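Have a look at the structure below, then the notes.
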Amino acid sequence: MIDEIKKLNHKIAISDRDKLWIQTEYPNITISSSKLSGEICFQRTYNNITLLDSCNIEILLSHNKQSILPKVKCLDNKIEKIAKSLNLKMDQLHTNADGSFCLTVYPKEKSFFTNEQFNIQEFFTNLLEPYLYWICYYEKYKKAPWGEYSHGSLGIFEFIAEEDLNFRKIYRILKTNNISLRKVLSLYRQSKCLCGEKKSKTESKIRKCHNKAWIGIVKIKIALNQRLSILPQKNQTTISKV
Ligand SMILES: [Zn+2]
């Protein structure tokens, strides 16, 4: 990924109203101009299971070009401990290599906010708390409470599998995530999965290993074919070179 995209160079402003809300909802969180840090206590219910837990976190009040979300990290080794006790890798608990939380896939970020506009209150209630609930549930019940997207391009393909998108939208999503259409078109039924997990020959095929991602890939191919079929014949050669 290009460094320019990864740079956290867009500031997230916290209004006085937001500050008041944070102080009321999460009294142990300290607010500064560059970050929010401290203990977040939460109580959430999903499918009639209520969990009450807390986590020491740090939220950097800036985001990069690709994402509208701030980076959040755990300030102690709580998640590491959970991963160890469950014999899971950190990325299986949706923690990135730099220790930040992987809260959702890029194309879905805006859908968590009213009018697709980032705001700190909905960030806490729609993304951060559900993420922490997910982790705590996993710790307690040794399984994920709900399905999740895979990491990297597989997660993007899974997202595309779920949504009803035209080719133009799909193309934009692939482009923002640095996935070339050529790469997608090179994947076929017998291709090995991109996750690289060691499995038997049949099980390691993408359509078996990450089936939903495969469905997404098929969807992209169908959308491209539909797009090509509505174009005048003479333009087809140039378009297929994309
Ligand atoms: Zn796989």
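Of all residues in region 73-94, those satisfying the criterion of being exposed (fewer than 14 other Cβ atoms within 10 Å of the Cβ), among the basic types (Lys, Arg) and part of a helix (DSSP H, G or I) are 81, 84.
When 199, 143, 221 are screened for being part of a helix (DSSP H, G or I) and not aliphatic (A, V, I, L, M), only 221 passes. Does residue 160 meet the test of being in contact with a Gly (Cβ under 8 Å, 6 or more places away or on another chain), surrounded by 13 or more Cβ atoms within 10 Å (Cβ to Cβ) and not in a loop (DSSP other than H, G, I, E, B)? Criteria met by residue 160. Within region 171-196, the set of residues being in a loop (DSSP other than H, G, I, E, B) and within 11 Å of the ligand (Cβ to nearest atom) comprises 191, 193, 194, 195, 196.
Laboratory data are not the source of any read-out in this text; all were calculated from the coordinates shown. Everything numeric here is computed off the predicted structure, so don't read it as measured data. Here Cβ is always computed from backbone atoms with ideal geometry, including for glycine, and neighbour counts include all displayed protein chains.
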